[in-house]
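To start, the structure itself, in C-alpha cells.
The values are calculated or read from the model by the stated rules, or taken from the named source; none is laboratory data. Source: prediction; values computed, not measured. Virtual Cβ from ideal backbone geometry, glycine too; neighbours counted across all protein chains shown. The accessibility values were calculated without ligands, DNA or RNA, using every heavy atom of the protein model including side chains. Shrake-Rupley method; radii C 1.70, N 1.55, O 1.52, S 1.80 Å.
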Amino acid sequence: MNTSDPTSTHTSRYCTHCGRALKACLCATLPRIANPTPLMVLQHPKERLHPKGTAHLLAGALELAELRVGSQWQEDEAVQQFVSHPPCYLLWPGEGALTLDELPRERGARFVLLDGTWRKCYRMLMENPALAALPRVALAPRSGHYHIRKAPFAGALSTLEAGYHLLCEWEQEPGRYAPLWDLFVRFNQQWLTFSQVNRGA
C-alpha cells in the first residue's frame, strides 16, 4: 500500500458500503427490500464522500438498485444498457415532466435518479445525451424531511426520500418500503443528535 496516497487515510475512515463514517455506520441496520421496480442512481463524484449523502443508503437497502459514481456516462456500458431498454424514465421535475399517474403501466419500467447538487446534476444531464433524451417524470408535490442539509428550494428531497416516494407512488405498496423510511428517520435523527451535542460542547 502506498501510504503517501492522500485519499487512503480519508477513505479508510468511511464504510465502503453505505459511505458513512465508520463510527456512525448504519450498515448493521440496513434493511434488504425486494423492489420490483429497478432503480439506477447516478452520483456525481463530489457527492460520493459527503457525510450527509443518502444515495448509498438507498442503493444499499434495495435489491434492485445500482449506484454508479461519475459524470460522463457515454462509455459506461451498464448505464447505457439500463437507459436503452424502455420503458426507462428520469426522475427530474420541471416543465414537460409527467406525473407517475400519467405514465402507462408497462411491465419492466425502470427509473434513473441523479445524486448531487442541482447544479452538478443539471450539468451531468446536459453532458449526457442518453440521459437528456429520457422521458422525465416528477413526484407529487410534498414537503421534504431532509432537515440536516439546506434545501435548494421548497419541496426539494434527498435522494433517499425521492427513491422512497417514487417506489411508493409507482407500485402503490407503501408498506413494502416502510423500513426504508425508518432508515431515513434514523439517519436524520443521528445527525440532529450529533449537531445538538456539538452545540452543547
Filter the trypsin sites (Lys or Arg not before Pro) in segment 89-127 down to the DSSP loop ones having no more than 12 other Cβ atoms within 10 Å, then list what survives.
R105, R107
For segment 11-143, what is the convex hull volume of its Cα atoms per residue in Å³?
128 Å³
Quick one: plug the Kirkwood hydrodynamic radius of segment 29-85 (C-alpha pairs) into Stokes-Einstein at 4 °C, 1.567 mPa s, and report D in µm²/s.
105 µm²/s
Residue-span extension gain [E63 to C15] - 0.36 nm each, minus C-alpha spacing
15.4 nm
With every protein chain left in place, what is the accessible area per residue of segment 57-129 in square angstrom, probe 1.4 Å?
56 Å²
